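The values are calculated or read from the model by the stated rules, or taken from the named source; none is laboratory data. As the structure is a prediction and not an experimental result, all values here were calculated from the model. Glycine gets a Cβ as well: all are built from the backbone with ideal geometry, and neighbour counts include every protein chain shown. Accessible surface areas use protein heavy atoms only, side chains included; no ligands, DNA or RNA. Shrake-Rupley method; radii C 1.70, N 1.55, O 1.52, S 1.80 Å.
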Amino acid sequence: MTVSTSPPHRGLRAVVAAFVAMIAGGGAHLLAGGVVSIPGVAAGLAVLLGPAWSLAGRERGWAVIAGLQLAGQQVVHLLLELASDRPGQGTGLPEDVTLYGHIAAAALIAAWLRYGERRTWTAAHRAARAVAARWRWLLSLFDRCEPPYPVHPIAAPDRSRVATGRPLRHVVVRRGPPLPA
C-alpha cells in the first residue's frame, strides 16, 4: 500500500522520522552519561526536519532509512555534545560501543519506520472502512422510516430515441474491425 505524498502526509512522515532520530540520538547520549539540553534538542530537530522533509516524498527502502537514521543520530549526538556544558569530555563509553549502539538503534528504527508505517496505514484504512460500514448501516435504518412528506418520483428522461443524422465534427466513429488495406 502506498502512502500519499501530499503535504500533510509528507509532513507527518518527516516529523516522525526526525523525532525518532532525535529521541534515539538524545536517549543514547543521555544513557551514555551525556547531558541533554533544550538548545541542543531544538537545534537537532531543526537540522533533522529539513532533510527529513526532502526525503519524505516517497517510500524508502530499509537500507536507506537505516543509513539516514544513523546519520541523523550522529548529527544529534554531535549537536548535543556541542550544546552541553562540558563539550569534548565524551560520555565515558568507548567509541566502538557507542557506534555499535547507534548502528543497532538505526537498524531497529529503520525496520520500525519502514514496516510500521505500512501497517499503520493499513490499519487506518481498515478502521475507516469499518466506520463507513457502520455509518451506512446507521443511515439504512433511517431509510426504513416513512418520510414526513409525500415523495413524488421524478420521471427519467426518455432514452428510447436514437440520435440519427450526421455525428458531430469532433466525434470519431470507428465501429467494427479495421478495413482491409
* **FRET efficiency for THR120 and ILE38, using Cβ-Cβ distance with R0 set to 25 Å, rounded to 0.05** => 0.25
* Asked: Got a sec? What order do SER140, SER54 fall in by accessible area at 1.4 Å, biggest, i.e. largest, first?
  -> SER54, SER140
* Structure fact -> Full extension between LEU108 and LEU12 adds, at 0.36 nm per residue less the Cα distance, a length in nm of 32.6 nm
* Asked: What length, rounded to one decimal in nm, is gained on full extension from LEU141 through to TRP62, with 0.36 nm per residue of separation minus their alpha-carbon distance?
  -> 23.7 nm
